[in-house]
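No value in this document is a laboratory result; all are computed from the given coordinates. It should be emphasised that the depicted structure is a prediction, and the values quoted were computed from it without experimental measurement. When we count neighbours, we look across all protein chains shown, and the Cβ atoms used for this are built from the backbone with ideal geometry, even at glycine.
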Amino acid sequence: MRDFHFPGRSPVLATNGMCATSHPLAARCAVDILARGGNAMDAATAGAVLLGICEPQMTGIGGDCFVLHSPAGSEEVYAFNGSGRAPAGLDAATLRERGEASVPLRSPDAVTIPTAIDAFCRLSESHGKLGLDALLAPAIYYAEEGVPVAPRVADDWAKDGGTLQGRARDHYLLNGKTPAVGDIFRAPGQAEVLRRVAKQGRDAFYTGEIAEDMISTLRAAGGSHNAEDFASAHSEETTPVAGSYKGLEIVEHPPNGQGATALLLLNILDHFDIAAMDPLGAERLHIEAEGTKLAYDARNRFLADPDHTTRLAHMLAPETARDLAALIDPKRAMPAAGPISEAVHKDTVYITVVDGDGMSVSLIYSIFHGFGSGIASDKFGILLQNRGAGFTLEEGHPNELKGGKRPMHTIIPGMIRENGKVTMPFGVMGGAYQPCGHARFASNLRDFGMDVQSAIDAPRAFADGQVMKVERGFGDAVRQQLRDLGHKVEEPDTAIGGAQAIRIREDGVLEGASDPRKDGCALGY
């Protein structure tokens with residue numbers, strides 16, 4: 001239990017259903033859907049689509065999603081891949097010939113086909129109860145009537161608003177300026193899109209006027225997208241990957257998500273006595289940082305479109321983690337993981353809902369960088385993701401950009417099982433940080449006995465390339481100790497990531513937790 005002398009928030013407890021997400025309107029929307037008789041899939045879908053109106057810098061219908069879900073009365077976890085493909089006419093060789101070393105973040109070449117809408121439609125039909133018209137109604141209402149801009153959203157908007165291009169500035173700026181806290185943001189074009197999807201299903205989005213709006217905007221900017229790219233977009237069921245950490249079974253979405261990276265990092269950390277370390281001390285942060293570098297190096301080598309990922313078994317093998325852990329020097333930071341680990345590798349917005357019947361959904365939904373590509377469709381204002389920047393242009397690499405291929409994604413929903421039972425859907429937002437965030441969350445729970453809210457609240461650090469980003473929650477002495485170990489320590493401009501989780505207790509009570517780094521909350525009834 002937290003010390004009530006200090007600022008913080010308590011876990012939220014309920015029995016009939018619960019949602020935890022990064023914006024209170026979306027959490028309220030999801031709980032309302034549950035109270036109307038919808039199930040967790042209905043509630044997660046409705047809340048997720050609304051997040052695209054409440055937090056347009058983070059997510060929207062021009063993006064992708066990944067989902068883990070466990071049906072009521074079952075301990076099985078299923079995965080659903082709602083990620084899009086590169087247009088058929090695009091190839092890494094073309095970009096290399098232009099002199100590009102990577103896919104330009106704010107170009108149409110970074111825009112993969114948005115596939116979240118296809119996933120939402122399919123999941124609603126196969127696993128929902130209320131139907132699309134009911135699920136999209138809240139987002140339609142708020143897109144038309146407007147949403148007051150929340151504090152964290154306003155901060156992100158100001159930092160990323162400069163990436164908006166052309167007509168996107170008309171759709172996402174207010175009188176040419178980024179909105180302030182409390183300003184009302186409206187998206188009437190998206191309301192019309194969602195009305196058509198609610199009435200006609202996924203084809204309303206991927207064919208006809210709405211698709212043509214996206215295609216014509218992209219082609220005018222130099223993109224190669226065509227009608228067949230959109231018409232053929234499809235999401236699909238897949239099989240999760242899982243690993244254990246001190247009695248917790250961590251279930252992750254498979255490639256082309258980076259969930260395997262979190263499992264590899266936990267496997268590496270399992271070779272150290274993390275529980276004997278100070279949870280806020282430099283020793284723990286150093287070992288975690290070194291493990292992160294090695295796990296992310298493996299990610300960059302192997303993870304790709306599932307049709308092109310060939311070394312997943314090697315990445316998750318116990319001996320791989322053992323050999324990588326042996327490369328960590330407890331007294332010195334490694335300059336770069338790639339050359340050091342070469343010998344080992346020689347042979348790559350979140351919402352969770354639990355309903356009263358026990359169905360669990362872990363859903364993450366994103367446009368990648370802040371405001372994605374910065375390109376929005378001219379008529380309807382659909383902001384398009386830049387997931388194509390997740391490809392590499394390296395010839396022969398599993399994640400090399402090719403037409404019709406899916407890039408490696410940073411977004412990963414998670415679930416925890418204990419003794420064979422699903423006990424917690426969870427997620428950690430924050431781009432590349434997410435696997436490290438999953439590992440730190442599991443370690444906080446298991447190594448240090450933190451409750452769910454405390455595990456989320458605890459300060460974070462992240463070895464992001466050659467820089468060690470350390471939140472203000474750590475003391476100056478810790479920062480200096482990290483520098484003495486050879487880390488280049490910086491304080492991040494923005495708090496690292498954001499997390500949500502719901503614990504399903506043995507007595508049936510639901511315990512929700514929401515990250516104070518975001519504007520959201522956990523709500524139940």
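Tabulated data
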read-out: P(r) histogram, all alpha-carbon pairs of region 408-525 included - 5 Å bins from 0, percent; value: 2, 11, 20, 22, 19, 12, 8, 5, 2, 0
read-out: Distance between modelled label sites at residue 212 and residue 74, nm, 7 Å Cα→Cβ extension; value: 4.1
read-out: Rounded to the nearest 20 debye, dipole of region 412-524 from Cβ charges on Lys, Arg, Asp, Glu; value: 220
read-out: Mean Cβ neighbour count within 10 Å, used as a protection proxy, ranking 506-515, 369-378 highest first; value: 369-378, 506-515
read-out: Amide H contacts under 5 Å for residue 424, placed H, 5+ residues apart; value: 416, 504
read-out: Residues 296, 141, 365 arranged by fewest to most Cβ contacts within 10 Å; value: 141, 296, 365
read-out: Length gained when the stretch residue 98-residue 322 is fully extended (0.36 nm per residue, less Cα-Cα span); value: 76.4 nm
read-out: Listed residue pairs exceeding 21 Å between alpha carbons, taken from 199/405; 293/331; 246/421; 421/518; value: 199/405; 421/518
read-out: Summed side-chain charge close to residue 410 - residues other than residue 410 whose Cβ falls under 11 Å, Lys, Arg +1, Asp, Glu -1; value: +1
read-out: Positive-end residue of 397, 314, 432, charge dipole of region 285-443 with Cβ unit charges; value: 432
read-out: Relative exposure of 22, 216, judged by other C-beta atoms within 10 Å (fewest first); value: 216, 22
read-out: For region 188-276, Kirkwood radius (reciprocal of mean inverse C-alpha pair distance, Å); value: 16.9
read-out: Point-to-point label distance, residue 126-residue 4, nm (Cα→Cβ direction, 7 Å offset); value: 4.7
read-out: Reference-scaled alpha-carbon Rg (2.2 N^0.38 Å with N residues) for region 148-217; value: 1.31
read-out: Of 376, 233, 124, farthest towards positive along the dipole that unit charges on Lys, Arg, Asp, Glu beta carbons give the chain; value: 376
read-out: Point-charge dipole on Cβ atoms (K/R +1, D/E -1) for the chain, about Cα centre, debye to 20; value: 580
read-out: Contour minus Cα-Cα distance for residue 186 and residue 271 (0.36 nm per residue); value: 25.5 nm
read-out: Radius of gyration and Dmax over the Cα atoms of region 296-442, both given in Å; value: 18.2, 57
read-out: Over region 406-467: Rg over Rh, Cα atoms, Kirkwood Rh; value: 1.00
read-out: Exposure proxy ranking, count of Cβ atoms within 10 Å, fewest first, for 350, 172; value: 172, 350
read-out: Within-15-Å neighbourhood charge of residue 77 [Cβ basis; K, R +1; D, E -1]; value: -4
read-out: Translational diffusion coefficient (Stokes-Einstein; Kirkwood radius from C-alpha pairs) of region 80-186 at 20 °C, 1.002 mPa s, in µm²/s; value: 125
read-out: Whether region 1-146 is rounded, prolate or oblate, judged on the alpha carbon gyration tensor where a/c under 1.5 counts as rounded; value: prolate
read-out: Geometric extent, Cα atoms of region 215-341 - Rg, Dmax (angstrom); value: 18.9, 58
